[in-house]
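*Asks:* Sending over a structure as structure tokens; questions will come in a sec.
The values are calculated or read from the model by the stated rules, or taken from the named source; none is laboratory data. Just so you know, these numbers come straight off a predicted model, no measurement behind them. We place every Cβ from the backbone using ideal geometry, glycine too, and count neighbours over all the protein chains shown.
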Amino acid sequence: MCYPQDDFIVGDRDVKLGEIGGAPVYIGADQFELWRHTQLIIDVVPGRGGMFSLDNGRERRFLTRGRVFTPEEMAALEG
């Protein structure tokens, strides 16, 4: 979900993945455990969005893709 700054209450078990355009991106701890081996790539593309979107009359939506980290990347992340 995309929330305005300060509208999302970060829980004790939420994991910050990084930032997009200065906005923090979080994932729940349980979901993070399932996805920790995957690089998540979030793009904004033309089109109408659903629940996870930027659709505010501008015809833009999020597109999330992923790829599995290589063994070398996993080692670097764990180090």
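*Asks:* Pull up segment 30-43, narrow it to residues that are exposed (fewer than 12 other Cβ atoms within 10 Å of the Cβ) and aliphatic (A, V, I, L, M), then point me to the one that is nearest to Met74 (Cα to Cα).
*Replies:* Leu34
*Asks:* Counting only residues that are exposed (fewer than 14 other Cβ atoms within 10 Å of the Cβ) and either within 22 Å of Thr70 (Cβ to Cβ) or in the same structural domain as Glu73 (by TED's automatic domain parsing) (or both), how many does segment 14-24 have? Step through it out loud before you land on a result.
*Replies:* Looking only at segment 14-24, we keep the residues that are exposed (fewer than 14 other Cβ atoms within 10 Å of the Cβ), and these are 16, 18-24.
From what's left, either within 22 Å of Thr70 (Cβ to Cβ) or in the same structural domain as Glu73 (by TED's automatic domain parsing) (or both): 18.
Residues in segment 14-24 being exposed (fewer than 14 other Cβ atoms within 10 Å of the Cβ) and either within 22 Å of Thr70 (Cβ to Cβ) or in the same structural domain as Glu73 (by TED's automatic domain parsing) (or both): 1 in total.
*Asks:* Specify the residue that is modelled with the lowest pLDDT; the eligible residues are those in segment 59-79 that are surrounded by 10 or more Cβ atoms within 10 Å (Cβ to Cβ) and part of a loop (DSSP other than H, G, I, E, B).
*Replies:* Filtering segment 59-79 for residues that are surrounded by 10 or more Cβ atoms within 10 Å (Cβ to Cβ) and part of a loop (DSSP other than H, G, I, E, B), the one modelled with the lowest pLDDT comes out as Glu59.
*Asks:* In segment 32-53, is there at least one residue being of a type in the set (S, T, N, Q) and at pLDDT 90 or above?
*Replies:* To start, the set of residues in segment 32-53 that are of a type in the set (S, T, N, Q) comprises 38-39, 53.
From what's left, at pLDDT 90 or above: 38-39.
Checking segment 32-53: at least one residue is of a type in the set (S, T, N, Q) and at pLDDT 90 or above.
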